[in-house]
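Okay, so here's the structure we're looking at.
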Amino acid sequence: MRFWLGGLAAILLLTATPSAAAPVDLFTAEVPFLRDIASTADEAREQAYAAALDAVIARIVPFESRAQAQAVFEQPQQWVQGWREGEADSLVVTFDGRALTTMLRAQRIPVWGEERPTTLVWLAVEDGRGNRLLLDSFEPPEPEPVPVENAPQVPLVEAGATPAEPQLPPTAAYGAAVADAAQRFGIPVMLPRYDETDLASVTPSDIWGGFSDVIVAASARYDVESILIGRVSSRNPSSIRWTWVFGENESRFAGDVNLAFARVGGRLMSQFASSPEGSADVRISVVAVDGLADYARLVNFLVGRSLVEDVRVLAMRGDQVLVSVDALAGRDRLARLLEGTVLERVDPPLRAVPFAGRAGDVVLGSPEAPVTLGEIAGSMPPSVTVGPDDTVPRQSIVTVPGTLPPPAFEEADLFYRLRPAGGVGD
């Protein structure tokens with residue numbers, strides 16, 4: 001049995017670059033444009049709008065609430081932000097995501113927001129000739145140019161005959177299928193780099209055998225919680241054997257690529273979809289907030305989270321900030337949302353950098369460059385409005401003068417360290 005990397009294997013081994021998650025546009029959908037069936041072009045476009053909105057709702061609303069969500073948007077065209085004609089008689093429609101989300105939450109309908117865990121996909125494909133190829137690209141490889149002096153003699157094609165299609169590796173179809181399913185179900189995905197580090201940690205036999213412990217250990221460098229492992233047999237290519245690892249949970253099942261992503265998406269949505277009724281006050285203690293720029297970066301980051309409705313800065317001590325957030329989910333869901341971001345989870349208790357200032361001063365930063373509460377209050381807005389108009393609830397940022405008793409910092413619900421600017425999550 002031989003094992004190979006599919007696609008650009010040789011180039012990857014020599015010039016491997018850090019993997020990035022394939023982008024997912026939650027509020028754009030491509031649907032059939034049935035202009036030949038509808039009586040008018042406007043009617044065909046309205047039908048496409050409705051189908052596209054259904055596809056978007058399926059990405060952001062749990063199954064049991066979708067009928068209620070569809071009833072809210074009786075006029076899909078009112079929520080369209082733009083459209084363009086796609087390939088093969090299709091229409092690509094983009095909706096106003098912020099307006100849709102605001103309306104759904106106003107109706108108390110659970111929503112799975114834009115902050116979604118990335119799924120790392122390890123996929124081995126059997127080609128029927130004893131080779132097992134590893135999926136290393138979402139796009140089929142471009143054929144390498146052949147120098148003219150080495151070019152083979154190509155026989156002339158007889159009149160009426162169809163020239164042979166270029167042969168692509170078996171992984172090409174699966175790369176496209178994974179990318180399409182990820183977009184359809186709204187799941188950010190990435191592939192391993194397959195550089196020297198990966199190939200020293202994981203063998204094709206590990207992937208083919210579904211040895212999840214080995215693969216999870218090798219996946220630690222990618223900072224992901226969701227890992228999908230697939231094995232495609234040449235004898236039954238439509239029934240792929242899957243192992244999905246999410247945190248400490250593992251499940252095994254069989255089916256095609258769409259079934260796998262539908263299952264993963266459904267499980268993730270049940271974990272992360274939230275509604276105002278499930279909101280909770282969560283206190284977060286953050287260290288390594290070294291100055292006004294870090295303070296602004298922390299607050300703006302928290303305000304921008306889809307599960308966070310309100311942010312209040314309660315107290316500061318040295319390089320440590322105590323924040324209370326009104327989260328549209330419990331503590332555990334919020335903690336999962338914050339994984340792999342500018343906040344790095346740490347264990348309590350935390351110790352702030354000491355600062356010998358004036359009695360009663362509330363300071364932020366180092367002894368060499370302290371920032372007082374007055375400077376912060378003068379440079380930060382008293383509130384931040386999120387949404388297109390005043391009907392959207394305001395998200396207040398309240399800076400409370402004075403400090404809380406020292407134990408209050410250590411009794412927070414979650415503990416983090418702010419990562420340096422320009423690093424992970426920025």
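Those residues that are more than 25 Å from the chain's Cα centre (by Cα) and farther than 15 Å from Asp413 by Cα, I need them from region 276-294; list them, please. It would help to see each step written out before you state the result.
In the first step, residues of region 276-294 are kept if they are more than 25 Å from the chain's Cα centre (by Cα); the result is 287-293.
Selection gives Ala288, Val289, Asp290, Gly291, Leu292, Ala293.
Could you tell me which numbered condition Val287 fails, if it satisfies all but one of (1) within 18 Å of Glu115 (Cβ to Cβ); (2) surrounded by fewer than 22 Cβ atoms within 10 Å (Cβ to Cβ); (3) modelled with pLDDT of 90 or more?
Status for Val287: all satisfied but (1).
All but one of (1) surrounded by fewer than 14 Cβ atoms within 10 Å (Cβ to Cβ); (2) outside any strand (DSSP E or B); (3) basic (Lys, Arg) hold for Arg252; state the number of the condition that does not hold.
Only one criterion is unmet by Arg252, namely (2).
Of all helices (runs of 4 or more DSSP H) completely enclosed by region 36-146, which ones contain at least 2 residues that are over 25 Å from Ser239 (Cα atoms), touching a residue at least 12 places away in the same chain (Cβ under 8 Å) and in contact with a strand residue (DSSP E or B) (Cβ under 7 Å, 6 or more places away or on another chain)? Walk me through it before giving the result.
Values: elements: 41-60, 66-72, 97-106.
Those helices (runs of 4 or more DSSP H) span 41-60, 97-106.
Can you go through Gly265, Gly278 and tell me which one is more than 14 Å from Val342 (Cα to Cα) and either modelled with pLDDT of 90 or more or crowded, with 21+ Cβ neighbours inside 10 Å (or both)? Reasoning before the result, please.
Numbers: Gly278 fails: either modelled with pLDDT of 90 or more or crowded, with 21+ Cβ neighbours inside 10 Å (or both).
Exactly one of Gly265, Gly278 is more than 14 Å from Val342 (Cα to Cα) and either modelled with pLDDT of 90 or more or crowded, with 21+ Cβ neighbours inside 10 Å (or both), namely Gly265.
Of everything in region 277-308, what is over 12 Å from Leu334 (Cα atoms) and of a type in the set (D, E, K, R)? Give them in sequence order. Steps first, please.
Taking region 277-308 and keeping what is over 12 Å from Leu334 (Cα atoms), we get 277, 285-301, 303-304.
Listed by number, the residues that qualify are Glu277, Asp290, Asp294, Arg297.
Quick check on region 79-133: of everything there that is in contact with a helix residue (DSSP H, G or I) (Cβ under 7 Å, 6 or more places away or on another chain) and polar (S, T, N, Q), which residue is modelled with the highest pLDDT?
Thr119
If you go through region 189-205 one residue at a time, how many are surrounded by 18 or more Cβ atoms within 10 Å (Cβ to Cβ) and in a loop (DSSP other than H, G, I, E, B)?
So the answer is 5.
The values are calculated or read from the model by the stated rules, or taken from the named source; none is laboratory data. Nothing here was measured: the structure is a model prediction, and the numbers come from that model. We place every Cβ from the backbone using ideal geometry, glycine too, and count neighbours over all the protein chains shown.
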